[in-house]
Amino acid sequence: MIGWLFNKLRSLKALFVPPSNITIMKGAIVSNDSTIGEYSYIGYNSFVTKANIGRYTSIACNVSIGLGEHVVNDISTSSLFYNNSYDILTSKSCVIGNDVWIGVDSIVRRGVKIGNGAIIGANSFVNSDVPPFAVAVGTPAKVIKYRFTPAQIAAIEDSNWWDYEIDEAKNRVAKLKAEFDIEN
């Protein structure tokens, strides 16, 4: 089954041509029913299936997002019994927000939503939604902290800096950093 899905994804990748300001590294496979926001990056050997990925998002190497999941409450788990295997295996879309960072070797389960600004630690298995600006790690991934205070998160979300082209986004991020007294 893995071989069939891999071949299906490889054939779908040929149809997906990213804009020039999106970086998809060698060996990464992105299904053509996925969307990727501008200024995002997908690392080597990652798999993305039926996902909506926001802008300025960084996905490390060897990350799997939304791979097929078999029906477990049917008589057989074999996809040979499905009328349309791909649609059934990928029935729920994944939503990855803006400015998300997903660490190396992580798996994001089908149907999961990861909020804006969230960080997923390396080697994590994300099987439930992750709130905006949360840091989630482990197997299964658990929120261990938030990157900012609730007031700061609200201000960042209200700014929608990720909706802007790179120069204006940099200006808006710089203003937020000054407001929050963040140096780096």
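None of the figures in this text is laboratory data; all of them are computed from the coordinates on show. This one's a predicted model, so the numbers in the text were calculated from it and none came from an experiment. A quick note on method: Cβ atoms are made from the backbone with ideal geometry, for glycine too, and the neighbour counts reach across all protein chains shown.
Among E38, E183, E165, E69, sorting on how many other beta-carbon atoms sit within 10 Å of each Cβ, with the fewest leading, yields E183, E165, E69, E38.
Note on the range 2-147: Kirkwood radius taken over Cα pairs, Stokes-Einstein applied at 4 °C and 1.567 mPa s, translational D equal to 85 µm² s⁻¹. Dividing the mean sequence gap of close Cα pairs (under 8 Å, 6+ apart) by how many residues the chain holds gives a relative contact order of 12 percent.
For a paramagnetic label modelled on K26 (point 7 Å from Cα along Cα→Cβ), amide N atoms under 16 Å away belong, within the range 45-76, to 45-46, 61-62. Using a 10 angstrom cutoff on alpha carbons, build the Gaussian network for the chain and name the most mobile of N62, N32, N73. Result for the chain, Cα springs under 10 Å: N73 fluctuates most. In this label model, N84 and N171 are separated by 4.6 nm, measuring between points 7 Å along each Cα→Cβ vector.
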